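Here the structure is laid out as structure tokens; the discussion comes afterwards.
The values are calculated or read from the model by the stated rules, or taken from the named source; none is laboratory data. If you're wondering where the values come from, they're calculated on a predicted model, not measured in any experiment. Every residue, glycine among them, receives a Cβ derived from its backbone with ideal geometry; neighbour counts consider all protein chains shown. What goes into the accessible areas is simple: the full protein's heavy atoms, side chains included, and nothing from ligands, DNA or RNA. Shrake-Rupley method; radii C 1.70, N 1.55, O 1.52, S 1.80 Å.
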Amino acid sequence: MKFNLSFKQVPANIIFLFVILIFIFSFLFSGQKIRLREVKIEESEEIFFSKPIDIESSGSRVFILDSQESTVRIFSPAGKFLGSLGRYGRGPGEFIGSNDMSVSGDEVALIDREGRRIQFFDHEGSYRGEFKIGFIAHRLLSLSEDKFIISSLPRVFDKNVFLLHGFNRQGKEIFQAEKVSSSGNGAFDFFLFQHHLVRVNGQPVLFKNFGPELAFFLNENGQRTRVLKIDPALPVLQFQPPLSRPKKVQASFWSVSACKDRIYLILPGRMEDGDLGPSRQVAVLNLEGKLEGVIDFPVPVYKLTRIDNRFFVIDDSARLRLFELIEEKF
């Protein structure tokens, strides 16, 4: 007996389920295109930090900023400790409460939050100079040896203030960009204005952790040149902040890094207490913002950078981990 079944005879709910399963399988399969293994760091003991808030690589070195210790520790691609720069204090080459740094060429620029200044060091850790700014800096990105983007967060009830400020090396403000206004709720503003300044394939990019848009490519005067929309395949998280007047926000990522023409988003996760935190997954995006794969790490990833075929990872216990890329297919 022949059994014939045309596509039109299949119930609509079965077709819908079939399509969803194909999508899920495709997404999971895309994550399997990237394989890695953990490798031993060239140190006799495990490496921990007090409050690591930034990790960046340049050339043959990895720099990790520890805000609580007021220092930047420097490592080789094999994880060998090479030295450090900065120390706690208010003098030249000293800083307190740094939020961010920017590594480029042969220099490290970093924020001295309490001193309201930007300081410069070479890759060996020697102090090179500084300039003062008139506000508390939040993020920093070096555009060139003589041009920098510095961001500040609006205060409660601030209206029509600028998020981005451009400075030259002499400390002269040369542009302002990205006008914003406070919502009047400081707790909600904390989420609303969270952002990162990252160099992607040589271009400055403003990434926003929360909201309907992922990032904005900028020119050298901080003006938007291109919007990076959120890929529908990116697994965003709807998060309910602990506010007096509950309002959901869309969390796209926990932290972001870039290497050449790839963007690495540490995906957000929920902690045991319901708060937002880092997950074990890192999404890999191309320059158009399209999801190309997902890396599954064995530990939650707090911060990450890539140098050659290795990922330097700060896990959720503030420990430095090193993972080697063994397969990458796109």
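Quick look at the values:
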quantity	calculated
Where only C-alpha atoms are counted, convex hull volume of the chain per residue in Å³	177
P(r) weight above 15 Å for region 104-173, C-alpha pairs, percent	51
Angstrom value of the Kirkwood radius, inverse mean 1/r, which spans all Cα pairs in region 215-330	15.5
Entries of Lys179/Lys229; Lys208/Lys260; Lys132/Lys208; Lys51/Lys290; Lys248/Lys290; Lys132/Lys159 with Cα pairs more than 22 Å apart	Lys132/Lys208; Lys51/Lys290; Lys248/Lys290; Lys132/Lys159
Sparsely packed trypsin sites (Lys or Arg not before Pro) within region 148-251, loop by DSSP, other Cβ within 10 Å at most 15	Arg155, Lys159, Lys172, Lys247, Lys248
Rounded to 10°, Cα long-axis angle of helix 12-31 versus longest principal axis of the chain	40
Structure-based [θ]222 nm, the chain - -39500 (n - 2.57) summed over DSSP H runs of at least 4, per residue, nearest 500	-2500 deg cm²/dmol
Accessible surface of region 215-322, 1.4 Å probe, proportion on carbon and sulfur as whole %	45
Solvent-accessible heavy-atom area per residue, rounded to whole Å², over the chain at 1.4 Å	50
Solvent-accessible surface (1.4 angstrom probe) belonging to Tyr127, in square angstrom, nearest 10	90
Choice from Val72, Val301, Val39 showing the highest fluctuation, given a GNM over the chain with Cα pairs closer than 10 Å	Val39
